[in-house]
Each structure stands twice: as C-alpha cells, then as structure tokens.
Amino acid sequence: MTEKVISIIDQRNLQAIPPILESPAGLVTDTMNRPLRDLRISVTDRCNFRCVYCMPKAVFDKGYAFLPQTSLLSFEEITRIAKLFVAHGVEKIRLTGGEPLLRKNIEKLIAMLSVIQTISGRDLDVALTTNGALLAKKARALKDAGLKRITVSLDALDDAIFKQMNDVAFPVSDVLQGIDVAHQVGLGPIKINMVVKGGMNDQEIVPMAYHFKDTPFILRFIEYMDVGASNGWKMDEVITSYEVIQRINAHLPIEAVQANYSGETAGRWRYQDGSGEIGVISSVTQAFCHDCTRIRLSTEGKLYTCLFATSGYDLRALMRDGRSDAEISTAIAHLWRARTDRYSVLRTADTANIQQDKKKVEMSYIGG
Ligand code: SAM
Ligand code: SF4
Ligand code: SF4
C-alpha cells in the first residue's frame, strides 16, 4: 500500500503536528501504551430530555444553537470513518448523543456498521446508549438492523424524582415499558445506568437495586461527573461508589466479583443470595485512565481523545476536502500515538481544587 505524508493541526494547542511517514492502518498505541479499542459516536447533539446533570434547561433552552443538519456526518461518512478505526484495532462502537434514537433512520446506520468485520475476523460489536423514551417504538427495528447490546439510562423509579431529573416531565413508566419491549424482542444484554446526584436521586439507590435484582438487566451506578461546563458540578454532590455499595449492602448483602477483563470500567458486585449482579462506575473517585482505550467522534465529525477534552480534530474537514482513506487513517494513527490524556487521574489527585473549566465540551455533543 502507498504511504503518504500528511500534516494536520492539533486544535488543542493550535500547533501543526509535524508531518510523519507511517503505514495508514494497523494497531496503534498512545504515549501510555494504551491501544485504540472503542469508538463512541455521537449521532445527534439534540435530546428530548433536559437531565439536570447533562443538559440543564437554563443553558439548553430555546435559544441554544444546536448543530444544523448540514453539519452532521452522514451515515456514509460515519461508516467510512468506522471502517478506518476498525483497521486500527477498534472492536466496539457505541452510538450515543444527545439522544441517538432521535436521529432519523438510526437503524440504517446500525445495519451499515453491524456488517463490518474486525481485524480479528469477528463481527464489530455495535452498542447504543439511550434514555429509553423512544425505545418501545424502536426496539424491533434496532434488533432487526443487527444491534445486540443496549444501555438504558434510568435515574429513578419514583415518577416525581424521575421527572425532576429529566426536567421535561417524562414519565418513568414509558422508559420501563421500553426496557421490557427491548428485552422481548431479544436485545441483550441490557444494562441500566443510573447517575447518582446527591440530594436529587440518591434515595433511589436501594429501590433501584431491589427492582432490578433477579432480572436479566444489569444495573450500574455512575458517579456524577464534572463533564462539560454547564452542569455546575460540585464535589459534594457526588455520591461515591463506596457509599453506594455501603447503602445497598445494608439492605441486600453483596460481595465483590473479579473483573471480566482488564480495563473494565465498572466494578462488579453480586448479591450474596445469588440473585444477580450490579456494577459501580467510579469515574470520579477511582480514575481508570491507565486503561482508557476510548476515542469519541462528535456529531459533526470532530475527534476527541478524552471525555474532558477542550477541542477536537476535524475529521469531517479532511473527508469533505477529498482526502483519501490512507490520509485520514494516517491522521487517526498520528492523533492516537500522540495521546497523553489522563484527566480523571489528575482530577482525583486534586479534587478539592478542581475548577470548572469553561472550555470543556458538553457530553451531549461529544457523546457519553
Ligand atoms: N441520551 C442518551 C442517554 O441518556 O442514555 C445517551 C447520551 S448520555 C450523554 C450518555 C450517558 O451519559 C447517560 O447514561 C448519562 O446518564 C451519562 N451522563 C450525562 N451527564 C453525566 C454526568 N455529568 N455525570 C455522569 N454521567 C453523565
Ligand atoms: Fe439527554 Fe442523555 Fe443528556 Fe439526559 S443524559 S440530557 S437523556 S443526552
Ligand atoms: Fe479516558 Fe479521559 Fe476518562 Fe481518563 S478522563 S478515562 S483518559 S476519557
């Protein structure tokens, strides 16, 4: 294959990366020897919820400038990029947003991605994270398109608390129905993610554990993070995984389980009576940057090597500029090899003094 020399701009520090000569495909590792394994793709920056910890109404109001249709990557562009990432060793793609089920014909994209083979000859693992509002309606089409794994965000069972969290008065019963329909059509395994924000929904920890115990659904508790610049994050609103474990254990005795694989982000715990498992994702109190193999593609085609990045690399510009696959692939390899990100480690080391950085990108734009 022909080797190309290209130069791209690192928008984080506005310096031109020196041109390099390298093979356009093949496995890549970053400066901390982390391979590139997971690609998260935000397919829309819009959402039908206004979760208080993600898209607070005060910021994401009627005047908020969401991306115009022409800025969005087309399904063909997304699929082209996905194939280049797979050639660099990516095995898992997660579609997210904003709310991915709001993207028109999302099942077509899933069908296009599901047929991609990884370099080890397996089907690409295509997953999706949703707030579940449209799941009952869409589950069958998603399944038929080839989607296997799905994660549903659910922050409370109590309807009043759930409505307070999503801030659009969306009833919890509709999400629960969506989860059931997804299960009935054979989407699985289904994970349920609960972000715990102190003083808002922490009283729901134990009821959620009781509700999902003895079901096929794996409940995971996520520490409230300081992503973006609009949620007004404060450390004292974080309920730590340690506390979640203590609270559940007081009602339902649990014990730690060994990780499935190295780099698993969720700590695993099981009920001592054998009635299932839960997970805790300690994004704030136990940084997992040393194993972080994730890269994120924004709705408009910018690449972010960390959830807490302040700017991205414009792949859409390369594509719409007529660059070849080999050139874009080389750009991807270069970005990953130069990657030094370890925000959570630095934050954990200095949580007390962490400042809300005005420039951090929003989670709804970059994808969770
Ligand atoms: N709209 C979809 C949903 O809610 O599942 C997908 C996008 S959402 C940004 C992805 C995940 O990020 C959700 O599980 C959400 O709860 C989580 N999330 C958003 N803001 C967060 C924050 N500040 N801390 C922790 N998790 C957050
Ligand atoms: Fe929307 Fe998901 Fe963010 Fe909630 S967490 S506002 S559902 S993107
Ligand atoms: Fe990965 Fe950045 Fe999160 Fe660390 S802070 S785990 S590098 S996304």
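The values are calculated or read from the model by the stated rules, or taken from the named source; none is laboratory data. On a predicted model such as this, the values are computed, not experimentally measured, just so you know. So basically every Cβ, Gly included, is an ideal-geometry build from the backbone, and we count neighbours across all protein chains shown. Quick note on the areas: whole protein, heavy atoms, side chains included, nothing else; ligands and nucleic acids left out. Shrake-Rupley method; radii C 1.70, N 1.55, O 1.52, S 1.80 Å.
Can you give me the Cα centroid spacing of the range 128-151 and the range 277-345 in angstrom? Value for the Cα centre distance between the two parts: 25 Å. In the range 267-334, the inverse of the mean reciprocal separation of distinct Cα atoms equals 15.2 Å; this is its Kirkwood hydrodynamic radius. Grouping the Cα pair distances of the range 119-249 into 10 Å bins from zero gives a pair-distance distribution of 12, 39, 33, 14, 2 percent in increasing distance order. Per-residue 3J(HN,Hα) values for the range 70-83, derived from phi via the Karplus relation 6.51 cos²θ - 1.76 cosθ + 1.60 with θ = phi - 60°, read 5, 7, 5, 5, 6, 4, 5, 5, 4, 5, 4, 5, 4, 5 Hz in sequence order (x marks Gly and Pro).
Take the Cα of Arg140, step 7 Å along the line toward its Cβ, and report every residue of the range 172-191 whose backbone nitrogen sits under 18 Å from that point. The answer is 177-188.
Report, to the nearest whole %, how much of the accessible area of the chain belongs to carbon and sulfur atoms, 1.4 Å probe, protein only.
Working: 8230 of 15890 Å².
Whole-percent figure for carbon plus sulfur exposure: 52.
A 1.4 Å probe, protein heavy atoms only, puts the accessible area of His211 near 90 Å². Each label point was placed 7 Å from the Cα along the Cα-to-Cβ direction; for Lys234 and Ala259 their separation is 3.3 nm. In summary, the aspartates and glutamates within cross-link reach of Lys62, defined as a Cα separation below 16 angstrom excluding same-chain residues under 8 places away, comprise Asp45, Asp167.
Could you list, in their original order, any pairs among Lys137/Lys302; Lys57/Lys213; Lys83/Lys213; Lys213/Lys234; Lys83/Lys302; Lys57/Lys108 whose Cα atoms are separated by more than 28 Å? Numbers along the way, then the final one.
On the way: Lys137/Lys302 30 Å; Lys57/Lys213 33 Å; Lys83/Lys213 38 Å; Lys213/Lys234 31 Å; Lys83/Lys302 16 Å; Lys57/Lys108 31 Å.
With Cα atoms farther than 28 Å apart: Lys137/Lys302; Lys57/Lys213; Lys83/Lys213; Lys213/Lys234; Lys57/Lys108.
For a Förster distance of 35 Å, can you work out the FRET efficiency between the beta-carbons of Asn33 and Arg320, rounded to the nearest 0.05? Display every interim value, and only then the final one.
Working: r = 33 Å, r/R0 = 0.96.
With a Förster radius of 35 Å, E is 0.55.
Principal axis analysis of the Cα atoms in the chain yields extents of 62, 48, 47 Å, listed in decreasing size.
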